[in-house]
Amino acid sequence: MKGPVPSHRCHFCTSSIRGNRGRRFFNAEDRWTKERGSWFSMSEKELLEGMKAPDFTVPVDGKEFNLYVQLGRGPVVLYFYPRDFTAGCTAEACEFRDSIGQFRSKDAFVIGVSGDSSTRHKQFAERHGLDFMLISDAEGSLRDLYGVKTTLGFIPGRTTFVIDRDGTIVRKYSSQLHPKSHVNESLDAITDIKQHNPE
């Protein structure tokens, strides 16, 4: 007689995911990226540094938000993360919160994106005092648009894009194991933009 289906706890985002016994969570096209320290699916399209960021318009708090309209005001840090209220994602969000003054002093706009609902985003922001935009991507359309890869084939990827005012991706950074490192990577890129394009 078969035992119960095991529950796999994701140590990246502390969410439980149930799977079949012996199931593979990644395919032959996945590979280990040593410098990032995690599995990333390589089967999806990929945006690279130097490429143009895809434009998008989404509803946020009852208003339409357009990426390129915002880029007209300054560079954007667009960071994708797995899930609200999980340990790694909370640490990352709070690190962005604590550094938001540094971003704003360089005219940079920070946006977090996950598959959580707008209601959950609001609860997450209120709980942790987050004063930057969170976008609900419940259907994964933005994640697909930006080719954000999954980890182990089932964990939503944690990837940050720093986009300059021309819409060029000047920094792309992916790391599940070091969520707080996304902030320093973003700040370094924003500082470089400011130094090369003083106003």
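Residues Phe124, Phe80 in ascending order of nearby Cβ atoms (within 10 Å, fewest first): Phe124, Phe80.
The length gained on full extension between Cys94 and Tyr68, counted as 0.36 nm times the residue separation minus their Cα-Cα distance, comes to 6.8 nm. The Rg/Rh ratio of the stretch 44-196, with Rg taken over Cα atoms and Rh as the Kirkwood radius over Cα pairs, comes to 0.92. When Leu177, Leu71, Leu78 are arranged by Cβ crowding within 10 Å, least crowded first, meaning fewest neighbours, the order is Leu177, Leu71, Leu78. Taking 7 Å steps out from each Cα toward its Cβ at Ala87 and Asp192 produces label points 3.2 nm apart.
Once the chain from Asp55 to His128 is taken as fully extended at 0.36 nm per residue, the excess over their C-alpha distance is 23.4 nm. Shape class of the stretch 81-169 from the alpha-carbon gyration tensor: oblate, with a/c at 1.5 or above and b/c at least as large as a/b. Go through Ile100, Ser118, Val148 and say which Cα lies farthest out towards the positive end of the charge dipole of the stretch 44-196; charges sit on Cβ, +1 for Lys and Arg, -1 for Asp and Glu. Working it through, the farthest residue towards the positive pole turns out to be Ile100. For the peptides 164-172, 127-135, 59-67, 152-160, the ranking by mean Cβ contacts within 10 Å, running from highest to lowest, is 152-160, 164-172, 127-135, 59-67. Given 10 °C and 1.306 mPa s, how large is the Stokes-Einstein diffusion coefficient of the stretch 123-199 in µm²/s, with Rh as the Kirkwood radius over Cα pairs? Rounded to a whole number, D works out at 110 µm²/s.
Read-outs: derived from the displayed coordinates by stated rules, not from any lab. Quick caveat, the model's predicted, so the values are computed rather than measured. Cβ: placed from backbone, ideal geometry, glycine included. Neighbour counts: every protein chain shown.
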